[in-house]
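Working notes, beginning with the structure itself.
The values are calculated or read from the model by the stated rules, or taken from the named source; none is laboratory data. On a predicted model such as this, the values are computed, not experimentally measured, just so you know. When we count neighbours, we look across all protein chains shown, and the Cβ atoms used for this are built from the backbone with ideal geometry, even at glycine.
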Amino acid sequence: MAGGDGLLSKLKSKFGDQIVGANLEAIDPWIEISPDALVEVSRFVRDDAALKLEMLNCITAVDWLEVDPKKAAKAGFEPHLEMVYHLSSISKRHTLVLKVKLPRWKDGVEGEAPECPSVSSVWSTADWHERETYDLSGVIFTGHPNLRRILCPEDWVGYPLRKDYQMPLEYHGIRGR
Amino acid sequence: MATQIDDQRIIEFDVRTDEMLVNMGPQHPSTHGVLRLVLRTDGEIVSEVTPHLGYLHRCAEKIGENLTPRQWIPYTDRMDYLAGMNMNLGWALCVEKLLQHDLSEKAKHLRVIICEMGRIASHLVGMGAYGLDLGTFSPFLYAFRERERILDLFEEVCGARLTYSYITPGGATADLPKGWLQKCEQFLDQFQPIIAEYHALLTTNAIFIKRTCDIGVLTPEMAIDFGCTGPVLRGSGVDYDLRRDGEERYTEMYDGYAFEVICQKDGHYPKDHQYPAVPKDAVLGDCWHRFYVRMLEVIQSMDLVRQAMDRYSVASGDWGVPIKLATKLPPGDVYLETEAPRGQMGFYLVSNGGNIPWRVRARSSSFCNLSVCPEICKGVPIADIPAIVGSLDIVMGEIDR
């Protein structure tokens, strides 16, 4: 991991409570931050001379929802959405994983996509990756310059990579199931 | 030959033109699949390019949430269908990383042979198709003639010619057949002198140079900012190749191999005295350099295959027996990137302890490479659009997934 073990304490001293959690024992160690601090932390890890994480490799949204009600009690997690940012540095040859936890729906209203600050002002890669995440996983990135669907048609309904997504029965006269 | 017009007023005084939206694609031959570009043009000059993707979208990631990792291998084939072997490898390594499964020496060398051959095949199509984009047909035939022989070799190994599903988590589905190494050696010996033909047809061709030099210049900063990888990044002079700089699980495959990252350092490519010189019009990061990096990588891959064959034939251990079809995955998440022909292909796997992944994500290299196209296509003539898009060497199957 970038910055070694010192990185976590360095980030904690700079951002305090915004660093919510971390797992440095995992195969890919990760640091969890609160959504409010995402852009600031991103800009810091990109510009810091020791980190220089100038490349954003990938943005992923993981939907944590057990749809089977029998298994839900034993699932071991509350339903939530997890954003994963994989960063790497070309000059320093190291990587870092940032995670952000979001609610599955905004204010608990089913169908209202949750909001997450956009990092497209920090890395241009995020532009298309966030559009894809919005398209497939249903996250609204505040501050994104052009947030519209990228892979699905613009009039598509729903977010296919959500665990409770239902395939539409038909789309413009084409049978779905 | 600079085609970017700095002073837009020159056109305005010359001819009065209206802005026009021109639709390019989705079936335009130079778009390498079904990509649609909407160009905002002012006469001949393009002021804005908007790519529209998704015509090949199959939601492979959703399918991955319903299959075991080994069952998903055929779907990785169909992402970058011109480099199926390299895609198999990316996913196989990702699963092995989660399982903490280590391979024997022999299995690693086998993978190097197969993947570098896959890289040659893929770059040959990239080269031939780029010729097509620029209006010359012959290089395509020359490229396919050689690619055919690689496909024949792959067919002997796994029975398929395009969607191989050969490399699997745990190793590969079978060992190399008897006598295969000799055939491969034969192919390389025959292929070596042909490279000069390619250089004569394209690299040093006067028209080709005029069409590609100083066109679509991508600065290293911009390339990194947009997440461009592979030959597109190295064509801008960034010294970065995951085979050397990647994760240990991947670079250990190439441990002890002699190879130099193909990129221009201090005005020189590695061993460039053996190959055509860089034209004086070429600017680092233009279409010509991206093309040249691919051509040199073909030669590099041939060298790597030769080294790998020597090691494979004396290595001990088995060829890597695949894991069981429904192996239980430990809870956790792993991300791994490999150097596919088109750039860094990343796979992200999240597991909650079952034998089916909770979430699968494919980070497509062409997706990021294409995202820079609206930036570098600003202010170029329409005729340069195929030259620029072609030089990014995209495969839509991988972008749309």
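General observations
- Every listed requirement among (1) surrounded by fewer than 18 Cβ atoms within 10 Å (Cβ to Cβ); (2) in contact with a Gly (Cβ under 6 Å, 6 or more places away or on another chain) is met by B:Leu103 save one, (1).
- Residue match in region B:162-174 (condition: in a loop (DSSP other than H, G, I, E, B), farther than 25 Å from B:Ile388 by Cα, in contact with a strand residue (DSSP E or B) (Cβ under 8 Å, 6 or more places away or on another chain) and of a type in the set (A, V, I, L, M)): no
- Selection status of A:Ser91, assigned to a loop (DSSP other than H, G, I, E, B), touching a residue at least 12 places away in the same chain (Cβ under 8 Å), closer than 30 Å to A:Ala50 by Cα and facing another protein chain (nearest Cβ under 10 Å): yes
- Residues in region B:78-95 that are more than 20 Å from B:Glu146 (Cα to Cα), surrounded by 22 or more Cβ atoms within 10 Å (Cβ to Cβ) and not polar (S, T, N, Q): B:Met79, B:Met87, B:Leu89, B:Gly90, B:Trp91, B:Ala92, B:Leu93, B:Cys94, B:Val95.
- Test: residue in region A:28-37 that is assigned to a helix (DSSP H, G or I), away from chain B (no Cβ under 13 Å) and surrounded by 16 or more Cβ atoms within 10 Å (Cβ to Cβ): yes
- Selection over region B:209-240 of residues that are more than 11 Å from chain A (Cβ to nearest Cβ), surrounded by 23 or more Cβ atoms within 10 Å (Cβ to Cβ) and among the aliphatic types (A, V, I, L, M) gives a count of 3.
- Residues in region B:345-352 include none that are modelled with pLDDT of 90 or more, within 14 Å of another protein chain (Cβ to nearest Cβ) and out of contact with any strand residue (DSSP E or B) (no Cβ under 7 Å at 6 or more places or on another chain).
- Of the helices (runs of 4 or more DSSP H) lying entirely inside region B:69-148, those containing at least 1 residues that are within 14 Å of chain A (Cβ to nearest Cβ) span B:84-99.
- Any hit, region A:70-84, residues being touching a helix residue (DSSP H, G or I) at 6+ places or on another chain (Cβ under 8 Å) and closer than 30 Å to B:Gln344 by Cβ: yes
- Options A:Val20, A:Val84, A:Val67; residue that is of a type outside the set (Lys, Arg), away from chain B (no Cβ under 14 Å) and touching a residue at least 40 places away in the same chain (Cβ under 8 Å): A:Val20
- A:Arg175 passes every criterion in (1) more than 24 Å from B:Trp358 (Cα to Cα); (2) touching a Gly at 6+ places or on another chain (Cβ under 8 Å); (3) not hydrophobic (A, V, I, L, M, F, W, C) apart from (2).
- Verdict on B:Gly317 being more than 13 Å from every other protein chain (Cβ to nearest Cβ), on the phi > 0 side of the Ramachandran plot and not polar (S, T, N, Q): yes
- Residue list for region B:41-57, restricted to those being charged (D, E, K, R), more than 28 Å from A:Asp135 (Cα to Cα) and either part of a strand (DSSP E or B) or within 9 Å of another protein chain (Cβ to nearest Cβ) (or both): B:Asp42
- Residue that is in contact with a Pro (Cβ under 6 Å, 6 or more places away or on another chain) and either in contact (Cβ under 8 Å) with a residue 60 or more places away in the chain or not in a helix (DSSP H, G or I) (or both), where the choices are B:Ile262, B:Ile209, B:Ile215: B:Ile209
- Residues of region A:38-54 satisfying the condition of being within 16 Å of the chain's Cα centre (by Cα) and surrounded by 22 or more Cβ atoms within 10 Å (Cβ to Cβ): A:Val41, A:Ser42
- A search for C-beta distances below 7 Å between a residue of region A:163-177 that is under 29 Å from B:Val350 (Cα atoms) and any residue that is in a strand (DSSP E or B) and at pLDDT 85 or above, counting only pairs 6+ apart in sequence or on different chains, returns A:Lys163/A:Asp63; A:Gly176/A:Glu170.
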